């Protein structure tokens with residue numbers, strides 16, 4: 001993947017030198033042309049086309065901001081209710097992630113979302129213990145995390 005990025009930058013700079021124009025728009029056009037060339041040559045590389053991972057990272061970032069916004073609204077609703085009728089709880093979240101950085105990223109994304117906090121990771125690194133401020137249905141909470149954050153992290157890393 002790093003080779004493809006460097007090759008794309010090389011093609012963009014080559015385009016700038018061939019056009020004898022050293023401004024940002026010429027670089028951008030060269031970068032786009034380099035993307036087209038690399039996409040056409042993607043079968044000759046060992047790794048997947050690198051823009052797939054770049055788009056997956058962008059999707060993960062946007063997903064986090066969406067979940068952050070929705071969680072803030074949910075916590076605000078809990079705070080503004082005159083009667084406190086929440087069901088806090090700790091639940092075990094089984095995960096399919098393998099590497100340390102994937103597990104750390106998932107734990108941080110869950111913790112940064114208001115209303116949830118990762119308390120512990122099991123010794124075999126297959127279960128996260130999560131505290132949530134309001135968990136009416138544990139299976140729904142597990143499914144929500146697995147279908148959003150865990151799936152997006154797996155798209156980025158694999």
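The values are calculated or read from the model by the stated rules, or taken from the named source; none is laboratory data. Values in this document were obtained by computation on a predicted structure and should not be read as measured data. Positions of Cβ are generated from backbone atoms using ideal geometry, with glycine treated the same way; all protein chains shown enter the neighbour counts.
Just give me the residues in the range 105-141 being surrounded by 17 or more Cβ atoms within 10 Å (Cβ to Cβ), in contact (Cβ under 8 Å) with a residue 40 or more places away in the chain and assigned to a helix (DSSP H, G or I), in sequence order.
Those that are surrounded by 17 or more Cβ atoms within 10 Å (Cβ to Cβ), in contact (Cβ under 8 Å) with a residue 40 or more places away in the chain and assigned to a helix (DSSP H, G or I): 105, 106, 109, 141.
Has the range 77-86 got any residue that is touching a residue at least 40 places away in the same chain (Cβ under 8 Å) and touching a helix residue (DSSP H, G or I) at 6+ places or on another chain (Cβ under 9 Å)?
yes
Which residue out of 45, 91, 69, 27 is touching a helix residue (DSSP H, G or I) at 6+ places or on another chain (Cβ under 9 Å) and under 23 Å from residue 139 (Cα atoms)?
Just one listed residue meets the conditions, 91.
Could you grab me the full set of residues in the range 90-103 that are touching a strand residue (DSSP E or B) at 6+ places or on another chain (Cβ under 9 Å) and either on the phi > 0 side of the Ramachandran plot or not in a strand (DSSP E or B) (or both)?
95, 103
To keep it simple, each residue is scored yes or no on (1) assigned to a loop (DSSP other than H, G, I, E, B); (2) touching a strand residue (DSSP E or B) at 6+ places or on another chain (Cβ under 8 Å); (3) within 25 Å of residue 152 (Cβ to Cβ).
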| site | (1), (2), (3) |
| --- | --- |
| 4 | no, no, yes |
| 9 | no, no, no |
| 14 | no, no, no |
| 21 | yes, no, no |
| 29 | no, no, no |
| 47 | yes, no, yes |
| 61 | no, no, yes |
| 71 | no, yes, yes |
| 74 | no, no, yes |
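When residue 33 is evaluated against the numbered criteria (1) assigned to a helix (DSSP H, G or I); (2) within 27 Å of residue 142 (Cα to Cα); (3) at pLDDT 95 or above, which criterion, by number, is the only one it fails?
(2) is the only condition that residue 33 fails.
Being surrounded by fewer than 13 Cβ atoms within 10 Å (Cβ to Cβ) and at negative phi is the filter here; which residues of the range 2-27 pass it?
Within the range 2-27, 2, 3, 6, 10, 17, 18, 22, 23, 24, 25 meet the criteria.
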